[in-house]
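Written below as structure tokens is the structure these notes are about.
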Amino acid sequence: MKAAMVLLAGAALVCASPLARAADYPSKPITLMIGFAPGGPSDVMARILTKKMEEILKQPWVIENRAGAGGSIAGAAVARALLLATGSLLAINVSLYKNIGYDPEKDFEPIGLIGTQTNVLYLNPSVPAASLGELIAHAKANPGTLSFGSGGNGTPAHLAGELLKLEAKIDITHVPFRGTGPALQAVIGGHVPMAFNPPSPLLPHIQSGTIRALAITTLKRTAVLPEVPTIAESGFPGFEATTWHALVAPAGTPKDVIAMLHRATAATVNDPPVRKALTDLGIDVVGGTPEELRAYVKSEIPKWAEVVRASGAKVD
């Protein structure tokens, strides 16, 4: 899932001042800005979370979409506001774009990781590989002849393929499509042999056998495809290439506000109906402290910078 969601709590968040202290926050309705178009997974996720957050924070929420540049337009516009962002916005875009308009480490204060969404490596059934090991052997025996699709250049799915290419030392070519749907149809039709994409739109085709799910990119198996092994357990320990979602605040936000928002976020994602709705959306809830999120962002930025550099991927 690609998402960049920004929470603007009234006029106080539009100006350059950090958030008020916890005793005063939130004192006005909260606008949730999403960095992608309406109707997509990001929009659905926003509505799941805000429904419960309204109960906890005792303020109504308004959802506003501001799409473009992998979420960076929203991030740059409100780098001094609360932000529910993806790994693309906080760790990848800084290497993909010449100028994203914000510093992902300096402009935001971590609150907590929400969850991760895996990418699935799937094949057309005609590809002679029943496991990741067999696919890699096939690629090495036929260098430069295999290609993989994704929903677009610079997306987490694209970079998942580039990371596998680096770690497995195989020569495969990326074919970008305008979204997950076209990439999926290209694999079903045999126009490309395989692709990386989020799981939700793939599930009926995996169940019907029109595509074969070979491996997933999270460290642990995902609840939506528990029978599909991870790349990490298939010979590449530590392999992880997910779409992850995290809540951050403006730099300089008081610690008591961060603590309050962290508690509200933890209560939201641990609410059973919310947790089930996120799982059904293909998101594995993770949680974690602000300190853990800070360390995770810090480790992800150089990791993806190396993948972007090695692959030559750029989006301007």
Computed over the chain, the relative contact order (Cα-Cα under 8 Å, seq sep at least six) in percent reads 26 percent
Dipole moment magnitude, nearest 20 debye, the chain about Cα centre, only Lys, Arg, Asp, Glu C-beta charged:
280 debye
Translational D (Stokes-Einstein, µm²/s) of the chain at 20 °C and 1.002 mPa s when Rh comes from the Kirkwood sum over C-alpha pairs?
108 µm²/s
How large is ³J(HN,Hα), in whole Hz, for each residue of the range 23-32 in order, when computed from phi with the Karplus curve 6.51 cos²θ - 1.76 cosθ + 1.60 and θ = phi - 60°, using x for Gly and Pro?
5, 9, 10, x, 9, 9, x, 10, 9, 9
Ignoring ligands, DNA and RNA, please state the percent of accessible area on the chain from carbon and sulfur, probe 1.4 Å.
57 percent
Computed E for Val62/Gln207 - FRET, C-beta separation, R0 35 angstrom, nearest 0.05
0.40
Going 7 Å from the Cα of Asp171 toward and past its Cβ, which residues in the range 135-151 have a backbone nitrogen under 14 Å from where you end up?
139-147
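Size of the dipole of the range 153-310 about the Cα centre, Lys and Arg at +1 and Asp and Glu at -1 on the beta carbon, nothing else charged, in debye to 20?
In total the dipole reaches around 140 debye.
Please state the shape class of the range 158-242: rounded when a/c is under 1.5, otherwise prolate if a/b exceeds b/c and oblate if not, all from the C-alpha gyration tensor.
Oblate, since a/c reaches 1.5 and b/c is not below a/b.
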For Lys58, counting only lysines whose alpha-carbon sits under 29 Å away and dropping same-chain residues fewer than eight positions off, the answer is Lys2, Lys28, Lys255, Lys276
Any idea what angle helix 290-311 forms with the longest principal axis of the chain, computed on alpha-carbon atoms, 0 to 90 degrees, nearest 10?
40 degrees
Overall dimensions of the range 94-216 as given by Cα atoms, namely Rg and Dmax in Å:
16.0, 48
What residues have an amide H closer than 5 Å to that of Phe108, excluding those fewer than 5 places away on the same chain, when H is modeled at 1.01 Å from N in the peptide plane?
Ala251
Which residues qualify? For Gly288, with a placed amide H closer than 5 Å and at least 5 residues away or on another chain, they are Leu113
Could you pull the accessible area for Thr210 with a 1.4 Å probe, rounded to 10 Å²?
50 Å²
Which order do Lys28, Lys298, Lys52 take by accessible area at a 1.4 Å probe, largest first?
Lys298, Lys28, Lys52
Compute the angle between helix 41-57 and the longest alpha-carbon principal axis of the chain, please, reported from 0 to 90 degrees and rounded to the nearest 10.
30 degrees
Glu134 and His191 label points (each 7 Å along its Cα→Cβ direction) are spaced in nm at 2.7 nm
Round to a whole angstrom and tell me the spacing of the C-alpha centers of the range 193-271 and the range 137-164.
20 Å
Within the range 93-209: Cβ-based charge dipole about Cα centre, in debye rounded to nearest 20 (Lys, Arg +1; Asp, Glu -1)
340 debye
What area, in nm² and to one decimal, does the C-alpha convex hull of the range 223-289 cast on average over all directions?
6.0 nm²
Percent antiparallel among DSSP beta bridges (both partners in the chain, rounded to 5):
70 percent
May I ask you to list the GluC sites (Glu not before Pro) in the range 185-289 that are in a DSSP loop and have at most 14 other Cβ atoms within 10 Å of their Cβ?
Glu227
Which whole-number value in Å² is the accessible area per residue of the chain, probe 1.4 Å?
41 Å²
The whole-number value in µm²/s of the Stokes-Einstein translational diffusion coefficient for the range 106-178, with Rh from the Kirkwood sum over alpha carbon pairs at 25 °C and 0.890 mPa s, is 175 µm²/s
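The values are calculated or read from the model by the stated rules, or taken from the named source; none is laboratory data. Keep in mind that what you see is a predicted model, and the values were worked out from it rather than measured. As a convention, Cβ positions derive from the backbone with ideal geometry for all residues, glycine included, and neighbour counts pool all protein chains shown. We work out accessible area using only protein heavy atoms, side chains counted, and drop any ligands, DNA or RNA first. Shrake-Rupley method; radii C 1.70, N 1.55, O 1.52, S 1.80 Å.
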